[in-house]
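The values are calculated or read from the model by the stated rules, or taken from the named source; none is laboratory data. Source: prediction; values computed, not measured. Virtual Cβ from ideal backbone geometry, glycine too; neighbours counted across all protein chains shown.
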Amino acid sequence: MNSGFEKRLIVVLLVLSAITITQLGVGSLDGQDALRPNAAITSGAIVIALIKVRIIIREFMEVRHAPVLLCRLTDLWVVFAGVSLLGCYFVGMTFSTAEGLG
Amino acid sequence: MTNVANAQPRSRFVPGQPDMWAFVLFEALVFTAYFIVYIIRRTQSPDLFLESQAHLDLRVGVFNTLVLLASSWSVARCVQAARERSLGAALTNAFLTMLFGFVFLVSKVLEWVTKIEEGFGFTTNEFFSFYYFLTAIHFLHLLIGFVVLAIGAYQLASPARRSQEIIETCATYWHTIDFLWVLIFALLYVMR
């Protein structure tokens, strides 16, 4: 097998695995406060997940070699997912906090 | 259809069949809708979701993610090996991918059994309803993925029917299972 491509796939796998193991640490960061909402951990979890998804799409799914339209469509979905998930979380938590205070 | 034997280096190409990419983007949007509903419901009952989430083992989620990432790596190697006409290596990587998928499948079933034995079923509360719904619908995609991989392996097994495009299409489906799980893992196991 093409050794350059082989090395690239291994590097991608190692980077994705390292990021995933980092999430083990991120998920345990708040320790005793794990039962409280944490916007930083949530934002980090979603952003890291979307970075991993984009790496999978670009590298493993070979979208980096695909026509520009497919590159743009996949990137558009990643951005849409990020904005909608983070937006729903922050808007929802704002309403939830306001109801709690009310 | 591109036969492996006739495969030429391509500058810019759609990996696999364009129809599969339409399906991938459709699935991505459907799952995004599920995730949006999950987050909206979660922000309305943050305490319930956090308390329930604490019963999930983050290490199991990390293990499952690593296994699926490895399966994506092996299926990418399968595609590249087929492209280079190393058909033995391609077939080996296709079976390796199935093995990783099977490990994920067993791990997921064991996790479900453990949770049910601990008293956390589909109807326990809203968090566990989402947990079982999202993981089960992903599991269903994984089962379909085995059929898709079997089609890829069948293509690789005989020179007469070998098609690089179909092999790439099968790999594209399998990668979709992987990246959807990456998001499910973040939302069910990590977020607060």
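A few comments on the model shown:
- Scanning the range A:49-67 for residues that are part of a helix (DSSP H, G or I) and modelled with pLDDT under 95 yields A:Arg64, A:His65.
- The set of residues in the range B:32-63 being of a type in the set (A, V, I, L, M) and either more than 7 Å from chain A (Cβ to nearest Cβ) or over 24 Å from B:His141 (Cα atoms) (or both) consists of B:Ala33, B:Val37, B:Ile40, B:Leu48, B:Leu50, B:Ala54, B:Leu56, B:Val60.
- Qualifying residue in the range B:158-171 (condition: modelled with pLDDT of 95 or more, within 19 Å of B:Asp57 (Cβ to Cβ) and either under 11 Å from the mean Cα position of the chain (by Cα) or among the hydroxyl-bearing types (Ser, Thr, Tyr) (or both)): no
Condition check ((1) of a type in the set (Val, Ile, Thr); (2) out of contact with any Ser or Thr (no Cβ under 8 Å at 6 or more places or on another chain); (3) part of a helix (DSSP H, G or I); (4) in contact (Cβ under 8 Å) with a residue 60 or more places away in the chain) across all residues:
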residue	(1), (2), (3), (4)
B:Leu48	no, yes, yes, yes
B:Arg59	no, yes, yes, no
B:Arg85	no, yes, no, yes
B:Leu96	no, no, yes, no
B:Leu105	no, yes, yes, no
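- Entry remark, the range A:31-79: residues being in contact with a Ser or Thr (Cβ under 7 Å, 6 or more places away or on another chain) and more than 7 Å from chain B (Cβ to nearest Cβ) number 1 in total.
- Yes/no for B:Leu29 being touching a residue at least 60 places away in the same chain (Cβ under 8 Å) and either part of a helix (DSSP H, G or I) or within 10 Å of chain A (Cβ to nearest Cβ) (or both): no
- Screening B:Thr92 on (1) among the polar types (S, T, N, Q); (2) in contact with a Phe, Trp or Tyr (Cβ under 9 Å, 6 or more places away or on another chain); (3) more than 10 Å from chain A (Cβ to nearest Cβ) shows it passes everything except condition (2).
- Of all positions in the range B:109-117, none carries a residue that is in contact with a Phe, Trp or Tyr (Cβ under 7 Å, 6 or more places away or on another chain), under 27 Å from A:Gly25 (Cα atoms) and in contact (Cβ under 8 Å) with a residue 12 or more places away in the chain.
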